[in-house]
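Following: one structure in structure tokens, then a few remarks.
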Amino acid sequence: MVRKVLLTMALSVVASLFAIAQQTQLPQDETGKVVYEAVVHREGLSADSLQKLAIKWIHSFYKNPSAVIKENKPGIIRVEHKFEVFDVDEKTGKRYKAGRIKYTLVIKFKDGRYKYELTDFKYIANRYIAIEEWLNSKDPKHQEYLRQVNEFATNLISNLREFIKNPPVQKEEEDW
């Protein structure tokens, strides 16, 4: 009997440690706000050239670029958009839409470098819920949503960086 109790306690400790280890870690600023940011150097490119590349990237990444660009002036672009998060039905294993996450992407430009800031993540329900509220949550749904936020953000950033590092070559049209 004592052996069974000790075994059960040990298994519950291991399970809780495993659950804690599974929590998604997101980058935060000094105030605790989730922020993905970096300065990326691209020597030999002017701020204007970098901004034009970023606009081309936006047009390739978003279905409706004119709707997501909220600010585009020399030296800065601000994008606001949303993406879906999903739940999984435990019985069927099928994914279904659980809601949307709104975010802001700001890209700033200087000669030879640009800075991106991906932030202001909010879950859209009957009110906006800042995802920072989920950072210490033990709710598996919240942890799954945070994982999906991290996956989306790292994919977006990787896509942006790769596009500006290796922009697609424009085909020259034949002169008829």
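None of the figures in this text is laboratory data; all of them are computed from the coordinates on show. Here the structure is a predicted model, which is why all the values come from computation and not from measurement. When we count neighbours, we look across all protein chains shown, and the Cβ atoms used for this are built from the backbone with ideal geometry, even at glycine.
When each of the peptides 49-58, 87-96 is scored by the mean number of other C-beta atoms lying within 10 Å of its residues, the order from highest to lowest reads 49-58, 87-96.
Exposure proxy ranking for Val85, Val169, Val35, based on other Cβ atoms within 10 angstrom of each Cβ and starting from the fewest, stands as Val169, Val35, Val85.
Calculated on the Cα set of region 88-171, radius of gyration then Dmax: 16.7, 54 Å. For the pairs Lys82/Lys141; Lys63/Lys115; Lys97/Lys138; Lys33/Lys94; Lys33/Lys73, flag any whose C-alpha to C-alpha distance is greater than 29 Å. Over 29 Å apart, Cα to Cα: Lys33/Lys94. Are there trypsin sites (Lys or Arg not before Pro) in region 101-131 that DSSP marks as loop and that have at most 15 other Cβ atoms within 10 Å, and which are they? Filter output for region 101-131: Arg127. Derived scalar couplings between HN and Hα for region 88-99 equal 10, 6, 5, 6, 9, x, 7, 8, 9, 5, 10, x Hz in order, rounded to whole Hz, by the Karplus curve 6.51 cos²θ - 1.76 cosθ + 1.60 (θ = phi - 60°), x for Gly and Pro. Values of log10 I(q)/I(0) for region 26-165 across q = 0.10, 0.11, 0.16, 0.18 Å⁻¹ run -0.38, -0.45, -0.87, -1.04, by the Debye formula with one identical scatterer at each alpha carbon and no solvent. For Leu45, the residues whose amide H sits under 5 Å from its own are Gly112, ignoring neighbours fewer than 5 places away on the same chain, with H placed 1.01 Å from N.
Ordered by the number of other Cβ atoms lying within 10 Å of each residue's own Cβ, fewest first, His142, His41 fall into the sequence His41, His142. Site pair Glu37 and Arg147 shows an inter-label distance of 2.9 nm when each label is modelled 7 Å from Cα along Cα→Cβ. Arranged from fewest to most other beta-carbon atoms within 10 Å of their beta carbon, Phe61, Phe109 become Phe61, Phe109.
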